[in-house]
Amino acid sequence: MSLPDEAATLALGARLAAVVRPGMTVWLVGDLGAGKTTLTRSLLRALGHGGRVKSPTYTLVEIYPFSSFNLYHFDLYRFVDPEEWEEAGFREYFKPESICLVEWPEKGGGILPRPDLEIRLEIDGEGRLARLYGRTEEGRRCVEDISESGSA
């Protein structure tokens, strides 16, 4: 789907917030500047988070508590050794009462849980392209619901 400007990326984040559910893992794939953190910020705002949203590039994970679930935003850009994952206990964050968003999942060395939804963002001139892939039945439902809610 075409995201011609930041407003379109923000609208996609809001539509994503309407369809993701606790227990889901979402991979955000794209080069630097492709809009992964902007999309995450919009999703969090649409879920009701009013505080600061920052990229967890140096901390690897930012935690956003909501009343009935926690959203964990991972950024694996600086991830060096997959053993760090196990040592940090990150696997425990992927549970039925959590939503996990993972930027740079390809740096996870195959140890990450399978995504329900994969969103690939590409720079396209002044805008972006978003390609959504449902990797599980729940993820396919999300893609259908986002597609039905209108184009960005």
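Just so it is clear, none of the values below were taken in a lab; they were calculated from the coordinates. As the structure is a prediction and not an experimental result, all values here were calculated from the model. Every residue, glycine among them, receives a Cβ derived from its backbone with ideal geometry; neighbour counts consider all protein chains shown.
Some notes on this structure:
- Selection from Y93, I111, V143, by position along the positive dipole direction of the stretch 75-152 (Cβ): V143
- Entry note, the chain: the mean residue ellipticity at 222 nm calculated from DSSP H runs of n ≥ 4, each adding -39500 (n - 2.57), is -9000 deg cm²/dmol after division by the residues and rounding to the nearest 500.
- Highest-MSF residue in the chain out of S42, S68, S98 [GNM, Cα springs under 10 Å]: S68
- Qualifying trypsin sites (Lys or Arg not before Pro) in the stretch 76-152, DSSP loop, other Cβ atoms within 10 Å at most 14: R78
- Nonlocal amide H pairs with V29, under 5 Å, H built at 1.01 Å: I119, R120, L121
- Our coupling estimate for the stretch 69-79, obtained by passing each phi through the Karplus curve with A = 6.51, B = -1.76, C = 1.60 and θ = phi - 60°, is 6, 10, 10, 10, 10, 9, 10, 9, 3, 9, 5 Hz, Gly and Pro reported as x.
- GNM result for the chain, Cα springs below 10 Å: residue of P65, P105, P22 fluctuating most strongly: P65
- Burial ordering of L47, L16, fewest other beta-carbon atoms within 10 Å first: L47, L16
- Rounded to whole Hz, the Karplus (6.51, -1.76, 1.60) HN-Hα couplings of the stretch 32-42, x for glycine and proline: 4, x, 7, x, 4, 6, 4, 4, 4, 4, 5
- The phi torsions of the stretch 93-105, fed into the Karplus equation with coefficients 6.51, -1.76 and 1.60 and a -60° offset, translate into couplings of 6, 8, 9, x, 9, 10, 10, 10, 9, 10, 8, 6, x Hz, rounded to whole numbers, with Gly and Pro shown as x.
- GluC sites (Glu not before Pro) restricted to DSSP loop in the stretch 109-148 with at most 10 other C-beta within 10 Å: E126
- Within the stretch 1-107, the GluC sites (Glu not before Pro) that combine a DSSP coil assignment with at most 11 other C-beta atoms in a 10 angstrom radius are E97.
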